[in-house]
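Have a look at the structure below, then the notes.
The values are calculated or read from the model by the stated rules, or taken from the named source; none is laboratory data. Source: prediction; values computed, not measured. Using ideal geometry, Cβ is built from the backbone for each residue, glycine included, and neighbour counts are taken over all protein chains shown. Side chains are part of the model used for accessible areas, which takes the heavy atoms of the whole protein and leaves out ligands, DNA and RNA. Shrake-Rupley method; radii C 1.70, N 1.55, O 1.52, S 1.80 Å.
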Amino acid sequence: MTQAERCGVLLVDKPEGPTSHDVVGFVRWVLNEKQVGHCGTLDPLASGLLVVCVGGATRLVPYLSAVDKVYRARFGLGRATTTADREGETIAEVAVAPAQVVAAADVLKDMCGALELPPPAYSAVKLEGRPAHARARRGEVLALPPRPMELRSATEIEVGEDAIDASCAVSKGTYIRSLAEELGRRVGLPAHLAALRRTACGSLGLVDPRTVPVGVSARLPDLAGAPPKYRLGLAGAESRDAMRARLEAALLALGEVLPFPVRRLDEAEADAFRGLLHGRGVDAAALPEVAPTLAEGQDRAARQALWFRDALVVVRLDGPLWRPEKMIHAAAAAPVTPS
């Protein structure tokens, strides 16, 4: 596969330790590909699904980033930290009774729905053009304004000695550390996020057999004032060529990942809709109705994608017309031949 032909999406199982940016850098190095981007940051202490776009597929990031996420989270009770996770400095600590842990599980269920919560001070939220975590590490006391978040569901809850584990489905922009702090506030206990693993982004999940587990092969020497750095790798693939082959084989086609319908056009349909390739709209009645979806930086709107022979066009319903919103030059997948 040549660099020009590389256009797809990787489902990466990120380990604890590296940043999402580190994983993107690893994929960029393995594939010798400049265009690589991820669809939703995972904190260094979090593991799990990181959706990574390669080549022209990076233009799909706004759609793949805006979907709901599912996490397996551990909410630690009895301790609060500066970072709202297990590695921060302790700022409050109390003993926890078993009855309080059981009660916290019920409170978590009651939290389902729309919420207005402040993001953690140690987060990538920008304040006056600078990430909040950079200012917090300089000792600034930050009061971030609340923002909309939503806990859609909390299921598979397990009660431990001083923690509860739950599978949490959340809207885009929901910080699980903020949920941990809110849980503590509601039960009257210090609380923090003790562990986090992302299991799904929209319809994409770790259960997909094409998921690629990225591992930490070594921790690099620490540099003063810099976060930890790691050497990453793929189990069973020692050389860069072997890792490249592994990643190329795992690339998902564009039509498999989008959170709205994708229609492969036959020759006659392609001729009828060719104006879209030149920026022209088509009548709303020419395409089926679809449910509205979100896109990062865009309003909620009805969207679908049309796959021409050598281009994928995302169209958005705008009044009486379907208008082209994104175009990615990529060959359509070969049609499936009935057996």
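What to note about this one:
- Here's the picture: charge each Lys and Arg Cβ at +1 and each Asp and Glu Cβ at -1 in the stretch 185-289, and of 196, 286, 236 the one pushed furthest to the positive end of that dipole is 196.
- 3J(HN,Hα) along the stretch 245-256: 4, 4, 5, 4, 5, 8, 4, 8, 5, 4, x, 8 Hz, from the Karplus curve 6.51 cos²θ - 1.76 cosθ + 1.60 with θ = phi - 60°, whole Hz, x for Gly and Pro.
- Packing-based ranking, highest mean first, of 9-20, 84-95, 47-58 given that Cβ atoms within 10 Å are counted: 47-58, 9-20, 84-95
- A Cβ-based charge dipole, computed about the Cα centre of the stretch 148-200 with Lys and Arg at +1 and Asp and Glu at -1, lands at about 320 debye.
- Environment charge of residue 49, counting only residues whose C-beta is closer than 10 Å and scoring Lys/Arg +1, Asp/Glu -1: +2
- Estimated FRET transfer efficiency (residue 208, residue 266; beta-carbon r; R0 25 Å; 0.05): 0.30
- Taking a ≥ b ≥ c as the square roots of the eigenvalues of the alpha-carbon gyration tensor, the stretch 1-58 is classed prolate because a/c is 1.5 or more and a/b outweighs b/c.
- Residues of the chain: accessible area per residue with a 1.4 Å probe, Å²: 50
- Proximal aspartates and glutamates relative to residue 326, as straight alpha-carbon distance under 15 Å, when same-chain residues fewer than 8 apart are discounted: 296, 299, 310, 318
- Apolar share of the accessible surface for the chain: 52 percent from carbon plus sulfur atoms, 1.4 Å probe.
- Farthest toward positive dipole pole in the stretch 205-272 [+1 Lys/Arg, -1 Asp/Glu at C-beta], among 213, 245, 268: 213
- Computed from the C-beta positions of residue 238 and residue 102, the FRET efficiency with R₀ = 35 Å rounds to 0.10.
- The sum of -39500 (n - 2.57) across all DSSP H runs of n ≥ 4, divided by the residue count of the chain, sets its helix-only mean residue ellipticity at 222 nm to -5500 deg cm²/dmol.
- Rounded to the nearest 20, the Cβ-based charge dipole of the stretch 238-309 about its Cα centre (Lys and Arg +1, Asp and Glu -1) stands at 140 debye.
- Potential extension, residue 309-residue 229 segment - 0.36 nm per residue separation minus Cα distance: 24.5 nm
- Extension gain, residue 161 back to residue 218 (0.36 nm per residue minus Cα-Cα distance, nm): 17.2 nm
- The distance linking the stretch 256-277 with the stretch 91-110 is 52 Å (Cα centroid to Cα centroid, whole angstrom).
- Label positions at residue 323 and residue 280, each projected 7 Å from the Cα along the C-beta direction, are separated by 1.7 nm.
- With Cα atoms as the point set, the radius of gyration and Dmax of the chain evaluate to 22.2, 71 Å.
- Hz values of 3J(HN,Hα) by residue in the stretch 263-275 - Karplus curve (6.51, -1.76, 1.60), Gly and Pro given as x: 10, 7, 8, 7, 4, 5, 5, 4, 5, 5, 9, 4, x
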